[in-house]
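All remarks here apply to the structure that follows.
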Amino acid sequence: MEGSMSILSLSLLLIFSLAQGGELTNPKCAKFQDNKGSNTLQVLHVNNPCSPFKQQNAPMSWVDTVLQMQSKDTTRLEFLASLVAGRSFVPTASGRQILQTPTYIVRAKIGTPPQTLMVALDNSNDVAWFPCTGCVGCSSSTVFAPVKSTTFKNVSCERAVCSLVPKRDCDAGTCTYNLTYGGSSISGSLSEDTLALAADPVPEYNFGCVLKSTGSSAPPQGLLGLGRGLLSFMSQSQSLYKSTFSYCLPSYKSPNFSGTLRLGPNGQPNRIKTTPLLRNPRRSSFYYVNLVGVKVGKRIVDIPASALTFNPSTGAGTVIDSGTVFTRLTEPAYTAVRNEFRRRMGRNTTVTSLGGFDTCYTVPVTIPTITLMFAGMNVTLPQDNFLIKSSSSSTSCLAMAASPADPVNSVLNIIANWQQQNHRFLFDVPNSRVGVAREACS
């Protein structure tokens with residue numbers, strides 16, 4: 001790295017100003033173009049050196065990078081909070097919220113013959129959407145060309161699947177949508193075609209074909225929803241993959257930023273700690289688990305029970321989310337964890353702040369462990385999973401924060417991707433469980 005550009009700075013420059021891109025053409029990246037197996041495919045961080053969306057702008061300082069990242073993460077949290085049944089449903093145009101934060105991408109093939117697109121993974125959303133030929137306002141140079149696919153069809157308004165799309169309309173009998181969120185809008189048609197991730201094609205897959213995008217959030221790439229709704233990939237491929245998948249997200253420090261997504265029950269870890277998977281009808285797409293406590297060092301933090309309670313009537317609880325970067329706890333829970341962390345750091349250490357991170361240190365210190373306690377399993381995090389460490393200075397920050405207050409919706413605890421990296425997270429819907437196992441997937 002040159003100048004002040006640290007490894008951390010490179011890895012945290014998410015997708016806020018993505019470069020336009022398409023196929024991976026660098027010969028050194030050939031190994032990333034192949035799947036890892038019949039049901040396993042490569043997961044790339046968007047700033048993987050072989051990602052077509054790798055940040056091309058001049059490097060920012062470590063401080064500016066963290067501040068920008070923290071600001072964008074807050075927008076993601078606002079989006080997740082808004083997804084409450086009966087209040088909002090934004091399947092194909094969740095606007096800036098989705099586009100600014102999904103951090104990991106996979107290679108998808110759509111159509112006959114197949115056309116390759118790099119799409120963002122999001123396990124808190126359901127729908128897949130791709131920018132299509134002729135899209136007005138779409139910034140990506142790589143789009144799906146329906147006219148080149150012999151299996152492409154527009155979905156008619158009479159089809160039952162059209163009823164799953166809110167704010168739908170009909171244009172010459174085709175199921176269309178025009179959705180807005182904030183200052184952005186995305187419109188297009190509900191379509192179907194063959195979609196393949198690993199080796200298995202999924203025929204007649206329903207997705208949003210984006211034809212117009214306005215506002216500040218024109219999509220540079222497609223999105224693949226791995227949520228629990230009827231339009232999600234796991235629902236539409238249920239006969240193949242039995243509503244089961246796992247991923248291992250790579251460390252942001254890895255020079256390759258490369259992990260894996262494994263589809264279906266085959267090849268999943270046999271020895272893995274698990275906790276019950278819960279369903280919350282107020283936010284039915286989310287993967288809820290029961291977080292019962294947090295341990296700092298050997299001490300279980302005194303957290304009010306109400307701060308962690310799963311409540312299907314309000315949507316409160318704890319979710320595993322692949323699109324948020326830093327874990328957020330409800331304010332009472334975070335304050336309790338932070339205070340115990342500071343106490344364990346010692347009275348003689350000086351606490352500083354950085355943007356939304358209020359527990360930073362600028363001298364070498366002894367760091368206590370942090371353990372997330374779920375019903376039936378404990379997950380003790382390595383330091384890289386709960387600290388932001390600058391390689392260009394001596395600053396380290398606790399990589400967690402309080403969830404923003406929301407006067408309308410129940411506040412969530414969110415186990416985010418910084419805390420998930422280098423672990424395999426298994427989502428086994430038929431057996432109602434989430435599993436976690438350490439795995440060096442970088």
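Applying the set (1) part of a strand (DSSP E or B); (2) exposed (fewer than 14 other Cβ atoms within 10 Å of the Cβ) to Cys397 leaves exactly one unmet item: (2). Examine the stretch 167-175 for a residue that is modelled with pLDDT of 90 or more, part of a loop (DSSP other than H, G, I, E, B) and open to solvent by 20 Å² or more (accessible area, probe 1.4 Å), and state whether such a residue exists. Within the stretch 167-175, none of the residues are modelled with pLDDT of 90 or more, part of a loop (DSSP other than H, G, I, E, B) and open to solvent by 20 Å² or more (accessible area, probe 1.4 Å). Quick check on the stretch 333-348. Is at least one of its residues among the aromatic types (Phe, Trp, Tyr) and farther than 30 Å from Ala120 by Cα? Scanning the stretch 333-348, I find at least one residue that is among the aromatic types (Phe, Trp, Tyr) and farther than 30 Å from Ala120 by Cα, so the answer is yes. I'd like to verify a number: residues in the stretch 117-151 that are among the small types (Gly, Ala, Ser), assigned to a loop (DSSP other than H, G, I, E, B) and more than 22 Å from Phe79 (Cβ to Cβ), how many? Counting residues in the stretch 117-151 that are among the small types (Gly, Ala, Ser), assigned to a loop (DSSP other than H, G, I, E, B) and more than 22 Å from Phe79 (Cβ to Cβ) gives 3.
Residues in the stretch 400-442 that are hydrophobic (A, V, I, L, M, F, W, C) and in a loop (DSSP other than H, G, I, E, B) were compared, and the one that is surrounded by the most Cβ atoms within 10 Å (Cβ to Cβ) is Ala416. In summary, Asn154 fulfils each of the numbered conditions (1) modelled with pLDDT of 85 or more; (2) among the polar types (S, T, N, Q); (3) under 15 Å from the mean Cα position of the chain (by Cα) with the single exception of condition (3). Does at least one position in the stretch 406-427 carry a residue that is touching a Cys at 6+ places or on another chain (Cβ under 7 Å) and among the β-branched types (Val, Ile, Thr)? No - not one qualifying residue is present in the stretch 406-427.
Of Pro131, Pro166, all but one fail to be out of contact with any helix residue (DSSP H, G or I) (no Cβ under 7 Å at 6 or more places or on another chain), farther than 30 Å from His45 by Cβ and not β-branched (Val, Ile, Thr); the exception is Pro166.
Scanning the stretch 313-340 for residues that are buried (at least 21 other Cβ atoms within 10 Å of the Cβ), touching a helix residue (DSSP H, G or I) at 6+ places or on another chain (Cβ under 9 Å) and among the hydroxyl-bearing types (Ser, Thr, Tyr) gives Ser322, Thr324, Thr327, Thr330, Tyr334.
Taken over the stretch 341-361, residues that are touching a residue at least 24 places away in the same chain (Cβ under 8 Å) and surrounded by 14 or more Cβ atoms within 10 Å (Cβ to Cβ) amount to 10.
Matching residues to (1) at pLDDT 95 or above; (2) within 23 Å of the chain's Cα centre (by Cα); (3) among the hydroxyl-bearing types (Ser, Thr, Tyr):
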site: Val319; (1), (2), (3): yes, yes, no
site: Pro332; (1), (2), (3): yes, no, no
site: Glu340; (1), (2), (3): yes, no, no
site: Arg344; (1), (2), (3): no, no, no
site: Thr350; (1), (2), (3): no, no, yes
site: Phe357; (1), (2), (3): no, yes, no
site: Val365; (1), (2), (3): no, no, no
site: Gly376; (1), (2), (3): yes, no, no
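In the stretch 299-312 there is at least one residue that is open to solvent by 50 Å² or more (accessible area, probe 1.4 Å), touching a residue at least 40 places away in the same chain (Cβ under 8 Å) and either basic (Lys, Arg) or more than 24 Å from Asn409 (Cα to Cα) (or both). Looking at Asn311, Asn280, Asn290, just one residue is over 19 Å from Val436 (Cβ atoms) and under 21 Å from the mean Cα position of the chain (by Cα), and that residue is Asn280.
When Ser82 is tested against (1) at pLDDT 90 or above; (2) over 18 Å from Met234 (Cα atoms); (3) not β-branched (Val, Ile, Thr), exactly one condition is not met: (1).
Any residue at all in the stretch 323-336 that's farther than 15 Å from Gln419 by Cβ, in contact with a Gly (Cβ under 8 Å, 6 or more places away or on another chain) and of a type in the set (Ser, Thr, Tyr)? Looking for residues that are farther than 15 Å from Gln419 by Cβ, in contact with a Gly (Cβ under 8 Å, 6 or more places away or on another chain) and of a type in the set (Ser, Thr, Tyr), one finds none in the stretch 323-336, hence no. The numbered conditions (1) in a strand (DSSP E or B); (2) at pLDDT 95 or above; (3) more than 26 Å from Lys298 (Cβ to Cβ) are all true for Leu372 except (3).
The values are calculated or read from the model by the stated rules, or taken from the named source; none is laboratory data. What you see is a predicted model, and the numbers here were worked out from it, not measured in a lab. No Cβ is skipped: glycine too gets one built from the backbone with ideal geometry, and neighbour counts run over all protein chains shown. With ligands, DNA and RNA removed, areas are computed over all heavy atoms of the protein, side chains included. Shrake-Rupley method; radii C 1.70, N 1.55, O 1.52, S 1.80 Å.
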